[in-house]
Every structure is written in C-alpha cells, then in structure tokens.
Amino acid sequence: MADNSWNEYLLNAAEKGSLQDVKKALKAGADIDFDHVYSESVSSGTALYNASRMGHVDVVKLLLRKGASVAKRVKTSFAPLHAAAYEGRTEVVDLLVQHGATVDIRDGFMNTPLHATCCEKHVDTVRRLIELGARPDLASVYSDERLGQVCPEFEGLKLIQEARKTKLLRCCNPKCGKPGYRKTLKLCAGCKLTRYCSRDCQKQHWSVGHKKCCGHDVYSVELFKAMADDLIAVAQARARAK
Ligand SMILES: [Zn+2]
Ligand SMILES: [Zn+2]
C-alpha cells in the first residue's frame with residue numbers, strides 16, 4: 001500500500017477502536033498525526049482525535065504512548081480534549097490531561113472543553129474537568145441562561161455554578177489538583193491558560209507534555225475567520241441554488 005493508504009488505514013482503525021489495526025498501521029509507517037483535510041474548514045481529525053471522540057480508551061493509551069499530538073485540532077478547531085469532553089468520555093479526558101493537554105484549550109468560538117461538555121449532559125465529565133483545573137468562570141457562547149433553558153435539569157451546570165461560588169481554582173498539574181485562589185496560583189507565562197500551586201508542579205506538567213501544547217492551545221482569530229468564511233461561502237452557494 002502507498003503511504004497515504006496507511007494513513008487512512010490508521011484513521012479508520014482508530015475510529016473503529018481496533019488496537020491491532022492501529023498497531024499494524026503504525027508499524028507500516030503511517031503518520032501518527034495524519035489529518036485528512038477536505039477543505040479550509042473541514043477535516044477528519046487525527047487518529048487520537050477520533051479515538052478520543054469515540055471513547056476507545058486502549059487505542060488512546062497506545063497513541064499517547066507513541067507520541068500522538070494532544071494539541072492538533074480538526075479544521076473546525078476542536079482539539080481531542082474538546083471531542084472527548086463533548087461526548088462525555090471521562091476516562092479519555094483524564095488521559096489527555098495526564099499527557100499534558102491544556103484543560104482550558106479554546107476552540108474557534110472561545111469554548112473550552114468544559115463548555116463543550118455543558119451542551120451535552122455528562123455530569124461526571126464536568127466534575128472531572130473541574131477537578132483537573134478547568135476554570136468554571138470563563139465566558140462562552142453557552143451562557144448559563146441559555147443552558148438553563150435548553151436543559152433545566154442539567155446537574156453539570158449546578159456543579160459549575162457551585163465551583164464558581166467558591167472562587168477557588170485548581171492547580172493544573174493533574175497529579176496535584178490542589179485548590180487555590182486565582183491570585184496565589186501562578187499562571188504559565190507561555191499560554192496564560194494553565195496555573196500551578198508551585199514551581200515543581202509547573203515543571204512536572206511541562207515535562208509530561210505541556211511543552212508540546214503550550215502556545216498551540218490559545219484561541220486564534222484566524223481559526224474563527226476560516227470557519228466564518230466557509231460558513232458564508234456555504235450560505236451564499238445555497239442562496240444561489242434557490
Ligand atoms: Zn503554557
Ligand atoms: Zn500543584
């Protein structure tokens with residue numbers, strides 16, 4: 001098979017959750033971070049992205065061990081952590097953060113994984129993200145009022161509101177998670193998205209993978225522009241077709 005066929009084979013295997021086929025593709029030389037790009041704003045996502053979205057824990061573990069990027073986004077700007085959170089894959093969320101994923105990584109609409117979880121109904125995932133240091137007080141397109149209207153019984157929203165009331169955040173080193181006030185936790189100077197209770201915690205998180213994510217995890221206007229341009233093009237094409 002040509003190289004690209006192995007890349008596609010890898011994507012397929014990761015989405016299906018076939019550990020054996022993922023191993024086979026990697027052995028044959030597939031690019032672990034391959035993302036099939038269809039257009040400026042549409043792509044398949046990497047093997048890690050798809051295994052995370054589907055909740056294939058064993059495949060996620062293998063890909064992380066082999067060095068798959070936890071920061072690479074699909075063209076619509078979701079990172080693997082957004083996908084796992086959106087689908088309520090709590091165990092995968094945990095694994096990604098343990099491997100350095102930035103817990104408050106922003107998508108093109110400024111949403112963090114915690115926000116992504118909130119539009120679905122995964123209470124355990126919400127709880128775990130808060131424990132891992134997700135900020136409950138960040139703004140998002142999903143306002144509390146809107147969420148309350150869409151799902152009034154959503155327990156996750158109550159968890160977020162409670163966490164907000166305490167005014168406490170957590171150290172972003174997943175091995176620590178100690179609570180602290182915003183002023184006392186030290187912000188990572190690179191991304192300004194992660195914060196730590198001590199220098200040791202920052203060093204530890206850096207070495208488990210934050211060094212690969214730091215700087216790739218911030219919201220960018222370009223991301224938003226690419227999506228907006230594409231949506232406008234689609235709308236114009238539809239209008240013309242009428
Ligand atoms: Zn950073
Ligand atoms: Zn700490």
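At a glance:
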| read-out | value |
| --- | --- |
| In region 184-207, residue farthest from ligand 1 (Cβ to nearest atom) [restricted to those that are part of a loop (DSSP other than H, G, I, E, B) and in contact with a helix residue (DSSP H, G or I) (Cβ under 8 Å, 6 or more places away or on another chain)] | T194 |
| Scope region 196-210; condition away from ligand 2 (no atom under 11 Å from the Cβ) and either surrounded by 19 or more Cβ atoms within 10 Å (Cβ to Cβ) or more than 21 Å from the chain's Cα centre (by Cα) (or both); matching residues | W206, G209, H210 |
| Extreme residue, farthest from ligand 1 (Cβ to nearest atom), among residues of region 171-183 that are out of contact with any Leu (no Cβ under 7 Å at 6 or more places or on another chain) and under 14 Å from G133 (Cβ atoms) | K178 |
| Hey, S52 assigned to a loop (DSSP other than H, G, I, E, B), of a type in the set (S, T, Y) and closer than 25 Å to H216 by Cα or not | no |
| Cβ-Cβ under 7 Å pairs, at least 6 apart or on other chains, region 9-32 side under 12 Å from M54 (Cβ atoms), far side acidic (D, E) and at pLDDT 95 or above | A13/D21 |
| Candidates L187, L168, L193 - the one that is farther than 15 Å from L96 by Cα, within 16 Å of ligand 2 (Cβ to nearest atom) and modelled with pLDDT of 90 or more | L187 |
| One residue from L223, L231 being surrounded by 12 or more Cβ atoms within 10 Å (Cβ to Cβ), away from ligand 1 (no atom under 16 Å from the Cβ) and at pLDDT below 85 | L223 |
| Residue count, region 177-201 (criterion: touching a residue at least 24 places away in the same chain (Cβ under 8 Å) and touching a Ser or Thr at 6+ places or on another chain (Cβ under 8 Å)) | 5 |
| T102 vs. criteria part of a loop (DSSP other than H, G, I, E, B), out of contact with any strand residue (DSSP E or B) (no Cβ under 7 Å at 6 or more places or on another chain) and surrounded by 22 or more Cβ atoms within 10 Å (Cβ to Cβ) | yes |
| Qualifying positions in region 2-35 - surrounded by 15 or more Cβ atoms within 10 Å (Cβ to Cβ), in a loop (DSSP other than H, G, I, E, B) and of a type in the set (A, V, I, L, M) | A30, I32 |
| Residue match in region 73-90 (condition: surrounded by fewer than 21 Cβ atoms within 10 Å (Cβ to Cβ) and under 23 Å from Q202 (Cβ atoms)) | no |
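The values are calculated or read from the model by the stated rules, or taken from the named source; none is laboratory data. Just so it is clear, the model here is predicted, and its values are computed rather than measured. All Cβ positions, glycine included, derive from the backbone under ideal geometry; neighbour counts span all protein chains shown.
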